[in-house]
Amino acid sequence: MSGAVRLVFVLCLAQSLGMLGFATFPALMPGLMVEWQLSNTEAGIVNGAYFGGYMASVAILVLLTDRFDALWIFLSAAALSGAAQLGFALLADGFWSAVVLHTLMGVGLAGVYMPGLRVLTDRLEGPKQSRYIAFYTATFGIGSGLSFLFAGIAGDLLGWRWAFGLAAAGAWIAGLAVAATTRPLTERQPPVGHLLDVRPVLRNGPTMGYILGYAGHVWELFALRGWLVAYLTWVAAQEGGAPLWLAPTLVATAIGLVGVPASIVGNEIAMRAGRRRTIACVMLLSAVTALALGALAGAPYWLVCLVGLFYGIPLLADSASLTAGAVAAAPAGRRGATLALHSTLGFGAGFLGTTAVGVALDLAGGASETGWLVAFATMALGALFGPLILWRLGSRPSDGKSGQEASA
């Protein structure tokens, strides 16, 4: 195994392990809403707190990767992530404690995900970098899918506290794996400008097109992940429950996993057919499918699951292309600032989207056929925003056919 392949493999494995706690709350939310007597809005806030913690910390953590080796940030955040998950297992007992601890879990992810990408891009340059980025970002789907599966099994067998506690071990193992196999950088590109100066990124239209398009993507993606199990549980309950092999957490896992090859293939297509054009088509298909899934709230459970599996394809087919496009279009010496803004706005939108669905459900009268249609329409807003902003800001030389992006 070559050094490049080994590095990509270890970082992808570490990301999957480190994300075991990513979907623990969404997967177990139906039961916790009853135990803690949470409204849909409160459940949405707890869900969104994870992304709020990410949003609040990712800018400074990723900007620091322009000054320090991202490896040290990754390792520190993996330790924090495990500690926060263990804290949730031991201390969470209601709305406020869950918000605080879920926020800290999000801070841990902020120091792992994008700094992990920076560990990769700082060590692997050249024509294959875009493909490596696609593999890494696609692994986010594997991690989130396995998190649903892990939480469902651990929660059913051992209870929700054990599900959070055991997930903490994944974060610590991820840190140990990367520490054992990745050497610190000996040479770095000198930083440009002030640490907190993101103005060159904000002035770069194509870069901001990808960043804001990613924000729309994450609004939809995280809103779905936050509410998918609750939706499937409600639909199944209309028929007296789901069969074991179609348990909501298993279906959510499958939906997450089908997006992994979709993200990789989507990036390959974008490199050949044009990045912005491909992303716009995928996001429009995703919005239409979201509306269709919401409209099926009163349909047979098996049909909802089938459409959900299809939804997993366009939902993630644009993910790697958006991130690879932002990296490729980043101003010289501003890759850390670009990734910081990319992640801050993206996960900030994830916080808002997840919370907005809870508010929409309550405003629509709670879980019902109409309520779920409104909820999925709220998710689709992000996918509709993406093509609009890409068209508006991306009309300069940084399309997928350009030499820079094709080689990135």
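The values are calculated or read from the model by the stated rules, or taken from the named source; none is laboratory data. It should be emphasised that the depicted structure is a prediction, and the values quoted were computed from it without experimental measurement. Glycine gets a Cβ as well: all are built from the backbone with ideal geometry, and neighbour counts include every protein chain shown.
Checking Thr65, Thr137, Thr121 one by one, the residue that is out of contact with any Cys (no Cβ under 9 Å at 6 or more places or on another chain) and surrounded by fewer than 24 Cβ atoms within 10 Å (Cβ to Cβ) is Thr121 and no other. Exactly one residue out of Thr249, Thr181 is surrounded by fewer than 22 Cβ atoms within 10 Å (Cβ to Cβ) and not aliphatic (A, V, I, L, M): that is Thr181.
Pairs are defined by a Cβ separation below 9 Å, a sequence spacing of at least 6 or placement on different chains, a first member in region 225-248 that is free of Cβ contacts under 8 Å to residues at least 12 places away in the same chain, and a second member that is assigned to a loop (DSSP other than H, G, I, E, B) and surrounded by fewer than 16 Cβ atoms within 10 Å (Cβ to Cβ); no pair meets this definition. All told, Gly87 meets the bar of being without any contact (Cβ under 8 Å) to a residue 24 or more places away in the chain and among the small types (Gly, Ala, Ser).
Let's see how each residue does on (1) loosely packed, with under 15 Cβ neighbours inside 10 Å; (2) under 30 Å from Gly274 (Cα atoms):
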{"site": "Leu117", "(1), (2)": "no, yes"}
{"site": "Arg131", "(1), (2)": "no, yes"}
{"site": "Leu149", "(1), (2)": "no, no"}
{"site": "Ala168", "(1), (2)": "no, no"}
{"site": "Asp197", "(1), (2)": "yes, no"}
{"site": "Val201", "(1), (2)": "no, yes"}
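Do we find a residue being assigned to a helix (DSSP H, G or I), over 30 Å from Gly241 (Cβ atoms) and touching a residue at least 60 places away in the same chain (Cβ under 8 Å) anywhere in region 361-380? Checked region 361-380: no residue is assigned to a helix (DSSP H, G or I), over 30 Å from Gly241 (Cβ atoms) and touching a residue at least 60 places away in the same chain (Cβ under 8 Å).
The residue pairs whose first member lies in region 280-302 and is surrounded by fewer than 21 Cβ atoms within 10 Å (Cβ to Cβ), whose second member is of a type outside the set (Phe, Trp, Tyr) and not in a helix (DSSP H, G or I), and whose beta carbons are closer than 8 Å, counting only pairs six or more residues apart or on different chains, are Ala297/Ser368; Gly298/Gln238; Pro300/Glu239. Evaluated against (1) of a type in the set (A, V, I, L, M); (2) in a helix (DSSP H, G or I); (3) in contact with a Leu (Cβ under 9 Å, 6 or more places away or on another chain); (4) over 11 Å from Ser319 (Cα atoms), Ala297 falls short on exactly one condition, (2).
Results for (1) of a type in the set (D, E, K, R); (2) closer than 22 Å to Ala77 by Cβ; (3) without any contact (Cβ under 8 Å) to a residue 12 or more places away in the chain, shown as yes or no for each residue.
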{"site": "Leu109", "(1), (2), (3)": "no, yes, no"}
{"site": "Val112", "(1), (2), (3)": "no, yes, no"}
{"site": "Ala138", "(1), (2), (3)": "no, yes, no"}
{"site": "Ile142", "(1), (2), (3)": "no, yes, no"}
{"site": "Leu149", "(1), (2), (3)": "no, no, no"}
{"site": "Ala171", "(1), (2), (3)": "no, yes, no"}
{"site": "Leu176", "(1), (2), (3)": "no, yes, yes"}
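Checked against the criterion of being modelled with pLDDT of 90 or more and within 18 Å of the chain's Cα centre (by Cα), the candidates Ala317, Ala324, Ala280, Ala292 yield just one match: Ala317. The C-beta contact set for region 15-39 (first residue within 22 Å of Gly256 (Cβ to Cβ), second residue assigned to a loop (DSSP other than H, G, I, E, B), distance under 6 angstrom, 6+ apart or interchain) comprises Gly18/Val112.
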